[in-house]
Every structure is written in structure tokens, then in C-alpha cells.
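Just so you know, all these numbers are worked out from the coordinates, no wet-lab data involved. All of these numbers come straight from a predicted model, not from anything done at the bench. Note: ideal-geometry Cβ built from the backbone for every residue, glycine included; neighbour counts use all protein chains shown.
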Amino acid sequence: MTAWTVRPDGGRPQGRVCPHAAALGPESAPLSGACLECVARGRHEHRLRLCLTCGHVGCSDSSPGGHATAHHESTGHPVVRSTEPGHEWAWCYVDEVFLEPDCGRRPA
Ligand SMILES: [Zn+2]
Ligand SMILES: [Zn+2]
Ligand SMILES: [Zn+2]
């Protein structure tokens, strides 16, 4: 699994912490390869976010559906990770901070 830490340039005041990152368990496998809410509406959205709590896959806020945010609002699951190639970041909705892989700390 990947351990996550708050990104220094997260656009937030220094010292911002995210208690959710440390509390995340092993990353769930994605439940689907697409945003199922969009697929049900005949759309195929590529900008996807993976819920690190349950593995739900939803489209990003920059997509028409914004289903990843809708999932957070309906479940309270705090952290999503981008699944786009080359995107090494996650986002905590609660603390509004970007997270990055914590390379200095090896998961137990
Ligand atoms: Zn957080
Ligand atoms: Zn969607
Ligand atoms: Zn979830």
C-alpha cells in the first residue's frame, strides 16, 4: 500500500495536517474501471478518482458529473486518489489538502 502525507505546496497554510491519511488502511482494489454513474447515463469519463476507503470509482470535479465528490458527500469517505497516469496525488475533502506518496516512510 501507499502511505500518504500532506503535500508541502498543497496551497494551504503550513502545518496543515490530515489525520485521515494516517488512518487509511490497505488500499481497496477499484470496484470498477469506470465511473458507473456516468456509464449508466451513457457517458464515459476518463478523469477518475478512486476512494481510498472503499474502492469506489467516480469522476472528478472537472467532469460534468462530479461523482467522486458526490460519493464523499453521501458516505463521508474522506480521501480519493487520482487514477490518471502520472498523477501521484490524493485529495482529502475534509481537510482540503493534497496528499502525496510518503517516500520517506515505509508501511509496516
Ligand atoms: Zn484529512
Ligand atoms: Zn461520473
Ligand atoms: Zn468510498
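Give a residue-ordered list of calculated ³J(HN,Hα) values for the range 29-36 (Karplus: 6.51 cos²θ - 1.76 cosθ + 1.60, θ = phi - 60°; whole Hz; x for Gly, Pro).
Ordered by residue, 3J(HN,Hα) equals 5, x, 6, 7, x, 8, 7, 5 Hz.
So what is the 222 nm mean residue ellipticity for the chain from helices alone, if each DSSP H run of at least 4 adds -39500 (n - 2.57) and you divide by all residues, rounding to the nearest 500 deg cm²/dmol?
My calculation for the chain gives -4000 deg cm²/dmol from helical runs alone.
For the chain, what's the relative contact order in percent, using C-alpha pairs closer than 8 Å and at least 6 residues apart?
After rounding, I find 30 percent.
Note down the nm distance, to one decimal, between modelled labels 7 Å out along Cα→Cβ at residue 23 and at residue 3.
Computed distance between label sites residue 23 and residue 3 equals 1.8 nm.
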